[in-house]
Ligand SMILES: *[C@@H]1O[C@H](CO)[C@@H](O)[C@H](O)[C@H]1NC(C)=O
Ligand SMILES: *[C@@H]1O[C@H](CO)[C@@H](O)[C@H](O)[C@H]1NC(C)=O
Ligand SMILES: *[C@@H]1O[C@H](CO)[C@@H](O)[C@H](O)[C@H]1NC(C)=O
Ligand SMILES: *[C@@H]1O[C@H](CO)[C@@H](O)[C@H](O)[C@H]1NC(C)=O
Ligand SMILES: *[C@@H]1O[C@H](CO)[C@@H](O)[C@H](O)[C@H]1NC(C)=O
Ligand SMILES: [Zn+2]
């Protein structure tokens with residue numbers, strides 16, 4: 001129903017923004033869903049059978065298990081099995097997958113980071129298993145206790161080498177990126193690197209750059225990933241692993257996003273009729289006296305939709321999901337350029 005959408009004034013400049021309002025006492029009909037760009041067949045992923053997961057093999061006893069949306073890493077040694085993460089969407093299915101891969105019990109569980117959508121199923125593993133996470137992940141689990149995410153028994157600060165039987169994993173912390181405590185997990189023999197919620201192979205980064213907490217750290221992580229000698233990258237999301245090309249493509253995307261958003265901020269410091277910060281300030285305050293939030297909302301929406309439109313000229317045909325999340329990604333980057341990188345556009349020190 002059209003009444004559940006409205007086009008912001010931006011539509012006048014052929015930039016549309018879709019906003020859906022939750023309605024009371026109503027169920028959504030087919031017309032209440034936005035039709036986004038179709039996804040190429042390959043990036044739609046494989047058919048997931050009744051067991052609810054598929055397995056990707058990297059060799060040397062290293063596997064990725066995915067339900068098509070989330071991912072875990074399984075490393076089988078001759079003295080037990082090591083697992084990284086158990087997203088609740090996999091949950092018990094991951095235990096079946098492991099049970100069908102090996103008779104070695106799960107002896108070690110690594111938490112990639114604190115977020116429950118990736119580790120909310122770890123309590124299903126045997127309580128005898130050693131659990132390992134970064135110290136700052138433990139601090140977050142202490143701040144918000146959750147029985148589905150028991151605090152790790154072992155923590156580390158910088159680097160940690162885990163040797164179990166014939167397998168070695170190198171865990172490393174390089175500072176806050178997606179969230180603090182998010183670690184790099186490297187399996188040297190098969191050259192598999194897992195870093196969660198940074199690279200989204202084949203796809204536009206998820207909402208607000210993967211709900212990033214530290215944009216400069218997130219940007220830096222692209223080069224830190226490329227510093228590794230890896231054959232396969234496990235990002236925690238979507239159905240498939242990535243390779244160097246996937247990481248390089250997202251790095252190019254980020255380089256473009258930074259440039260486009262920075263240019264948009266520069267433009268907002270001119271007398272551009274649509275983007276001029278001072279024109280928006282004056283117009284918004286005239287209409288909404290004393291309402292500073294109204295001004296910022298209009299400024300953020302206009303700069304984000306302008307930058308997203310510029311980005312999509314190139315990326316809409318290259319990465320699925322561009323039309324879904326480009327605007328939020330642009331808003332996140334513009335805000336970071338302002339407050340992290342210190343480029344305040346029209347509202348800096350004069
Ligand atoms: C380690 O042992 C497991 C179980 O026997 C085997 O599947 C795996 O290929 C071995 N990996 C390495 C790196 O030797
Ligand atoms: C293997 O997978 C099947 C089907 O998903 C499951 O029912 C069975 O319990 C699994 N086997 C083990 C040993 O986990
Ligand atoms: C990387 O993965 C993509 C997508 O699966 C594939 O098209 C491409 O050929 C791969 N590149 C290399 C260098 O393996
Ligand atoms: C953004 O643009 C300003 C002005 O041209 C420039 O000084 C700054 O270095 C740019 N920042 C980034 C992160 O590119
Ligand atoms: C501010 O906005 C009002 C109302 O739209 C307009 O009349 C006025 O000229 C504007 N002032 C400046 C300095 O742009
Ligand atoms: Zn996360």
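Read-outs throughout are calculated quantities, based only on the coordinates presented, and are distinct from any laboratory measurement. These figures come from a predicted structure and were not determined experimentally. Note that we place each Cβ from the backbone using ideal geometry, even for glycine, and neighbour counts take in every protein chain shown.
Selection of region 204-226 for residues being within 22 Å of residue 43 (Cα to Cα) and not in a helix (DSSP H, G or I) yields 204, 205, 206.
Would you say residue 54 is within 16 Å of ligand 3 (Cβ to nearest atom) and more than 19 Å from residue 231 (Cα to Cα)? Considered against the rule, which asks whether it is within 16 Å of ligand 3 (Cβ to nearest atom) and more than 19 Å from residue 231 (Cα to Cα), residue 54 comes out as yes.
Considering each of 265, 209, 275, 257 in turn, give the residue that is surrounded by 22 or more Cβ atoms within 10 Å (Cβ to Cβ) and within 16 Å of ligand 5 (Cβ to nearest atom).
Values: 265 fails: within 16 Å of ligand 5 (Cβ to nearest atom); 209 fails: within 16 Å of ligand 5 (Cβ to nearest atom); 257 fails: within 16 Å of ligand 5 (Cβ to nearest atom).
Going through 265, 209, 275, 257 in turn, just one is surrounded by 22 or more Cβ atoms within 10 Å (Cβ to Cβ) and within 16 Å of ligand 5 (Cβ to nearest atom): 275.
Scanning region 141-165 for residues that are free of Cβ contacts under 8 Å to residues at least 24 places away in the same chain and not in a strand (DSSP E or B) turns up 142, 143, 144, 145, 151, 153, 157, 158. None of 91, 120 is surrounded by fewer than 24 Cβ atoms within 10 Å (Cβ to Cβ), touching a residue at least 12 places away in the same chain (Cβ under 8 Å), at positive phi and away from ligand 3 (no atom under 16 Å from the Cβ) except 91.
Of all residues in region 255-281, those being part of a helix (DSSP H, G or I), over 30 Å from residue 220 (Cα atoms) and in contact with a helix residue (DSSP H, G or I) (Cβ under 9 Å, 6 or more places away or on another chain) number 3.
Residue 168 meets the conditions (1) within 16 Å of ligand 1 (Cβ to nearest atom); (2) in contact (Cβ under 8 Å) with a residue 40 or more places away in the chain; (3) surrounded by fewer than 18 Cβ atoms within 10 Å (Cβ to Cβ) in every case but one. The failed one is (2).
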